[in-house]
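The values are calculated or read from the model by the stated rules, or taken from the named source; none is laboratory data. Quick caveat: nothing in here was measured; it's all calculated off a predicted structure. Virtual Cβ from ideal backbone geometry, glycine too; neighbours counted across all protein chains shown. For the accessible areas, the whole protein counts, side chains as well, though only heavy atoms, and no ligand, DNA or RNA atoms are used. Shrake-Rupley method; radii C 1.70, N 1.55, O 1.52, S 1.80 Å.
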Amino acid sequence: MSCTNYNLDNLNFPETTYLNPGDSVKFINMSGDEHTIIAANATWTIGPLGIDQNYTLVVDSEIERTFHNANAINSDGSYAVTGDISFAASPLD
């Protein structure tokens, strides 16, 4: 089991994070604002995370693996910051 950290200081996520079921992702708000992370299908939400707060999400095979920063919205209403979790082998392996 491993844990991957996402620091919410620059409002970006890796495009794809490669994990195994049972691994976790820790969202850490290191910015000066609150942030809310939401699954693409809205089945889970994290936050709002206040300044210096964090939340650890355990990833299993049932969870929605595409997510957005709900506070980063483009002028057309689409999400500006999106991340994906993949159970495939990392291309760097």
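How many of the residues in segment 61-77 are part of a loop (DSSP other than H, G, I, E, B) and either at pLDDT below 90 or surrounded by 10 or more Cβ atoms within 10 Å (Cβ to Cβ) (or both)?
Total meeting the criteria: 6.
List pairs: first in segment 23-49 and surrounded by 14 or more Cβ atoms within 10 Å (Cβ to Cβ), second aromatic (Phe, Trp, Tyr) and not in a loop (DSSP other than H, G, I, E, B), Cβ under 6 Å, 6+ apart or cross-chain?
Phe27/Tyr6; Phe27/Tyr55; Ile37/Phe27; Ile37/Phe67; Ala39/Phe67; Ile46/Phe27; Ile46/Tyr55
Any idea which residue in segment 78-93 is nearest to Gly22 (Cα to Cα), counting only those that are part of a strand (DSSP E or B) and open to solvent by 40 Å² or more (accessible area, probe 1.4 Å)?
By that ranking, first place goes to Asp84.
Could you list, in sequence order, all residues of segment 50-60 that are outside any loop (DSSP other than H, G, I, E, B) and open to solvent by less than 50 Å² (accessible area, probe 1.4 Å)?
Leu57
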